[in-house]
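A.B. asks: Below is the structure I would like to discuss, written out as C-alpha cells.
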Amino acid sequence: MTDFYQPRLEDRFTFGLWTVGNRGRDPFGEAVRPALSPVRIVEKLAALGAYGVNLHDNDLIPIGAAPAQRDRMVREFKQALDDHNMKVPMATTNLFYHPIFKDGAFTANDQAVRKYAMRKTMDAIDLGHELGAGVYVFWGGREGTEVDACRDPRDAIKRFRECLNFLCEYVVDNGYGMRFALEAKPNEPRGDIYLPTTGSMLAFIETLEHPEMVGVNPEYAHETMPGLNFHHAVAQALECGKLFHIDLNGQKPGKYDQDLRFGSEDQKGCFFLVKLLEDSGWDGPRHFDAHAYRTEDEEGVWDFARGCMRTYNILKEKARRFNADPEIQGILAGIRATDGADWLGSYSRERAERLRSDSIDIEQHALRGLHYEKLDQLTTELLLGIR
C-alpha cells in the first residue's frame, strides 16, 4: 500500500546539521547522545527522503581548524552530498556560542569583537557558496542586552546595518548571487534581543543599501514564544516578497525556546501555516529547525526527523481536503461574495464622494451572522479526521 505521507525529494524538506545532531544537552544536564558526524547525518537524512541539509560554519569546521583540516572536512562532506544526492540550500554563521560573543557580535560595544564577527562571517559565506547555498541566514542570538545602560539601542541598530551593508557588497563583489535572510527572536539567550519580530526585521530591511538582497527567515518557535501568530508573520513576509527561508518546529507559548518536533503542538496553527505555504506556491525549502527530545537515543532522532516530514505531508493533504470540501467552500464563497475586491481603488475626489454617498444599513450589517463558528468547527472536524 502506498504511503502518501512518505517524504519525497520534491517536498524539499531540509534539516540543519545542528538539529538532528543535537545531543540533548540542556542548561540542567549534560549530553545524552553521542555526536553524529556530518557524513552520517547526510547519509541518514537522505535515506529518510530529505532533500538537503543546512549548517552553521562550526557544525562542519571547528574554530581554529588548520587549512588542511578544513579542506579535508569540506571535501568529505561534499562527497557525501554527491553520493546521496543531497543539497545545501542554506548556510549560516555561529555568532553566539564562543565566549567572545557574550556581548553580541555585530552589535557588540568592542570593535575587535565586531571585526572578528565580520571575518568569521565572510569565511562562512565563502563556505556556504562553495557548498552551493543560495540563502545565508543571520540569527543574532547574542545581539541584545540585559543592561540597557550599556549601549544606546540606536547604536546597536546602526552597527547591525553597517555590517549587513558591508556583507551585501562582499557577496556582490565576489559574484556569489547569494541572498540574506534575517531571523528574529524576542529573547533567549539574551534578556532582550534587538529587532525581536519578523515585522521588525521587515522594517529594518528597508533601511539597507541593498534591500532587494535581504529577506526574512521566520521561525515558528520564535514568534510563538511571546504569543504571536506565526501564520500571520509568514503571510506578511510572503505578501511583500521577503520570505527567503523558513524554520519549522513546535513550541508552547510563554515557554523557553523548545524547538519541538514540527506539528507536536498547535496542530490548527500548523495546518494554516502549511496551507498558506502550499496555496501560495512558495517554492523554498521546508526547513526543520528542531531537535529530538532529551529522552531519545539515535534511533529516536531519526524517528523525530521522520515525524517532522510526515506531519507536514499529513497537513498538506488536510489542506487539499479543506480546499475541496463543498461545505467549507460554500461558507467561504458566501464570505467572498461580500468582499467586493475592486470596491475602493486608488484615491480620487470622485471615489471619495462616492464613498460618502453610498447607502449602508449599518444595523443590518451589524446583525448579520458570519458563520465563523461553523467554519471553525468544520475545520476542527477535518483535522480530527472525520471529514
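A.B. asks: What helices (runs of 4 or more DSSP H) lie completely within segment 1-114 and have 3 or more residues being over 17 Å from ASP126 (Cβ atoms)?
C.D. replies: Where helices (runs of 4 or more DSSP H) fall fully within segment 1-114 and carry at least 3 residues being over 17 Å from ASP126 (Cβ atoms), they are 17-20, 38-48, 67-83.
A.B. asks: Being closer than 19 Å to LYS115 by Cβ, touching a His at 6+ places or on another chain (Cβ under 8 Å) and either at pLDDT below 95 or crowded, with 17+ Cβ neighbours inside 10 Å (or both) is the filter here; which residues of segment 154-180 pass it?
C.D. replies: Hit for segment 154-180 is CYS168, nothing else.
A.B. asks: Right, next: Take segment 231-247 and flag every residue that is under 23 Å from PRO211 (Cα atoms) and in a helix (DSSP H, G or I).
C.D. replies: HIS232, ALA233, VAL234, ALA235, GLN236, ALA237, LEU238, GLU239 - these are the residues of segment 231-247 that are under 23 Å from PRO211 (Cα atoms) and in a helix (DSSP H, G or I).
A.B. asks: Same structure, new question: Evaluate the following for ASP11: is it touching a residue at least 60 places away in the same chain (Cβ under 8 Å) and surrounded by fewer than 20 Cβ atoms within 10 Å (Cβ to Cβ)?
C.D. replies: Judged against the criteria, ASP11 is a match.
A.B. asks: So which residues in segment 204-221 are under 19 Å from LEU167 (Cα atoms) and either among the hydroxyl-bearing types (Ser, Thr, Tyr) or without any contact (Cβ under 8 Å) to a residue 24 or more places away in the chain (or both), if there are any at all?
C.D. replies: Scanning segment 204-221 gives GLU206, THR207, PRO211, GLU212.
A.B. asks: With respect to ALA35, determine if the residue is surrounded by fewer than 13 Cβ atoms within 10 Å (Cβ to Cβ), in the same structural domain as GLU130 (by TED's automatic domain parsing) and without any contact (Cβ under 8 Å) to a residue 24 or more places away in the chain.
C.D. replies: yes
Per-residue answers, yes or no, for (1) part of a helix (DSSP H, G or I); (2) in contact (Cβ under 8 Å) with a residue 12 or more places away in the chain:
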site	(1), (2)
PHE304	yes, yes
THR311	yes, yes
LEU344	no, no
TYR347	no, no
ARG354	yes, no
SER359	no, no
ALA366	yes, no
LEU375	yes, yes
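Conditions tested, residue by residue: (1) at pLDDT 95 or above; (2) touching a strand residue (DSSP E or B) at 6+ places or on another chain (Cβ under 8 Å); (3) aromatic (Phe, Trp, Tyr); (4) within 30 Å of PHE272 (Cβ to Cβ).
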{"site": "ASN323", "(1), (2), (3), (4)": "yes, no, no, yes"}
{"site": "ALA337", "(1), (2), (3), (4)": "no, no, no, yes"}
{"site": "SER346", "(1), (2), (3), (4)": "no, no, no, no"}
{"site": "ARG356", "(1), (2), (3), (4)": "no, no, no, no"}
{"site": "ARG368", "(1), (2), (3), (4)": "no, no, no, yes"}
{"site": "THR379", "(1), (2), (3), (4)": "yes, no, no, yes"}
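A.B. asks: Taking segment 79-110, which residues are under 23 Å from SER37 (Cβ atoms), charged (D, E, K, R) and crowded, with 16+ Cβ neighbours inside 10 Å?
C.D. replies: Correct list: LYS87 only.
A.B. asks: Suppose the filter is modelled with pLDDT of 95 or more and more than 21 Å from VAL53 (Cβ to Cβ); does ARG294 pass it?
C.D. replies: yes
A.B. asks: On to the next question. Tell me, yes or no, whether segment 255-262 has at least one residue that is part of a helix (DSSP H, G or I), at pLDDT 95 or above and assigned by TED's automatic domain parsing to the domain that holds LYS185.
C.D. replies: No, there is no match, as no residue in segment 255-262 is part of a helix (DSSP H, G or I), at pLDDT 95 or above and assigned by TED's automatic domain parsing to the domain that holds LYS185.
A.B. asks: Shifting gears a bit: Filter segment 170-200 for residues that are small (Gly, Ala, Ser) and in a helix (DSSP H, G or I); which is farthest from GLN236 (Cα to Cα)?
C.D. replies: Per the stated criteria, the residue is SER200.
Table: residues versus (1) loosely packed, with under 10 Cβ neighbours inside 10 Å; (2) outside the structural domain of LEU17 (by TED's automatic domain parsing).
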site	(1), (2)
LEU276	no, no
TRP282	no, no
ALA290	no, no
VAL301	no, no
ARG349	yes, yes
ILE360	yes, yes
LYS374	no, yes
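A.B. asks: Any residue in segment 184-192 that is among the small types (Gly, Ala, Ser) and closer than 27 Å to ASP283 by Cβ?
C.D. replies: Within segment 184-192, one or more residues are among the small types (Gly, Ala, Ser) and closer than 27 Å to ASP283 by Cβ.
A.B. asks: When the residues of segment 315-339 are narrowed to those that are among the basic types (Lys, Arg) and under 14 Å from LEU382 (Cβ atoms), which ends up surrounded by the most Cβ atoms within 10 Å (Cβ to Cβ)?
C.D. replies: For segment 315-339, the residue satisfying everything is LYS318.
A.B. asks: Quick check, is LYS268 basic (Lys, Arg), farther than 30 Å from VAL42 by Cβ and surrounded by fewer than 15 Cβ atoms within 10 Å (Cβ to Cβ)?
C.D. replies: It is true that LYS268 is basic (Lys, Arg), farther than 30 Å from VAL42 by Cβ and surrounded by fewer than 15 Cβ atoms within 10 Å (Cβ to Cβ).
The values are calculated or read from the model by the stated rules, or taken from the named source; none is laboratory data. This one's a predicted model, so the numbers in the text were calculated from it and none came from an experiment. Cβ coordinates were reconstructed from backbone atoms using ideal geometry, including for glycine residues, and neighbour counts include every protein chain displayed.
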